[in-house]
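Report on one structure; see the data block that follows.
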Amino acid sequence: MADPMRIRAAVKDGGVNVKVLMAHEMETGQRKDSAGKPIPAHFIQHVSAMWQGKEVLSANWGPAIAKNPFLEFNFKGGKKGEKIQIIWTDNKGDKRTDEATIN
Amino acid sequence: MDQTRRDVLRASGGASLFAMLAAAGLLRSGPTLAADWNKKAFESKNIKDALEALGAGSPADSADIVMTAPEIAENGAVVPVAAVSKIPGTESIAFLIAKNPTALAASFNIPSGTEPSVSTRVKLAQTTDVHVLVKANGKYYMTKKEIKVTIGGCGG
């Protein structure tokens, strides 16, 4: 199981600003190990952000997203104290969900 | 999103995949599923093929897409990129990198109520044009910017 995400959600300019840092290798599949064997691709393919049961952002990613991915976006309607969940799924089927409170 | 599903459907005929897609349709209000991942687009080697796989054809250049990225990236492994679309009705924002091994880096779906503005960090294999593709009201728009890389982000 991958390490938890760091999620910061804060009310800003009438909306909610969300910043997420995920812990993931984001291996491209292009690199070779010291023995010259290709290192298999391992990367987050899908990210979903949920607020009050509504999806406020979704993303499909390729291996060109940098290691330990960063994501920032803004949505309207969120209030202080409400929860936001971020869910990611990688190309090996690993999945992680983390939650943060809007402040 | 629908476009992606159609492409996946066309590309395969698997019954199990079909069931997953049906489930995705039923779960519309919940999180979207990884099954929506457009394999063909993400495996495209160049911008033209990626645009085709996304169903974007040849998008019009637009000055209403603002990309924020450094002129020079010292380390191609971590390059901050951000895009804001001022085009009304923006549904999705995608980043495409011309000279990476595969062109499409990321595609963000923007539901109504979410600002058409995203930031992330990408890897650049070498000095390259980075394109931002915006879908708004079913039409595609694009802008691009060259980022110079002194150390590449791919390869060993």
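The values are calculated or read from the model by the stated rules, or taken from the named source; none is laboratory data. These numbers were taken from a predicted model, which means no experiment stands behind them. Please note: Cβ atoms are built from the backbone with ideal geometry, for glycine as well, and neighbour counts cover all protein chains shown. With ligands, DNA and RNA removed, areas are computed over all heavy atoms of the protein, side chains included. Shrake-Rupley method; radii C 1.70, N 1.55, O 1.52, S 1.80 Å.
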Output row A,B: buried area (accessible, probe 1.4 Å, summed both chains) in Å², nearest hundred, equals 2900
Partner shielding of A:47-55, as the mean number of partner chain Cβ atoms within 10 Å, equals 4
Rg/Rh of segment B:57-102 (Cα atoms, Kirkwood Rh), to two decimals, equals 0.99
Of the convex hull drawn through the C-alpha atoms of segment B:38-149, the volume per residue in Å³ is 85
Computed ³J(HN,Hα) along segment B:57-65: with the Karplus parameters 6.51/-1.76/1.60, θ = phi - 60°, integer Hz and x for glycine or proline, the list is x, 10, x, 6, 5, 9, 8, 8, 10
Against the 2.2 N^0.38 Å rule of thumb, the C-alpha Rg of segment A:1-94 sits at a ratio of 1.26
Checking segment A:49-91 for GluC sites (Glu not before Pro) in a loop per DSSP with at most 16 other beta-carbon atoms within 10 Å yields A:Glu82
Counting sequence-distant residues (5 or more places) and residues on other chains, those with an amide H built under 5 Å from that of B:Thr127 are B:Val149
Accessible-area loss of at least 50 Å² (1.4 Å probe, chain alone to full protein assembly) applies in segment A:58-76 to A:Ser58, A:Asn60, A:Ala64, A:Ile65, A:Ala66, A:Phe70, A:Asn74, A:Lys76
Taking A:9-15, A:85-91, B:128-134, B:144-150 and ranking on average Cβ neighbours within 10 Å, highest first, one gets B:128-134, A:85-91, B:144-150, A:9-15
Taking every residue of A:32-39, the Cβ atoms of other protein chains inside 10 Å of its Cβ average out to 1
Partner shielding of B:102-110, taken as the mean number of other chain Cβ atoms within 10 Å, equals 6
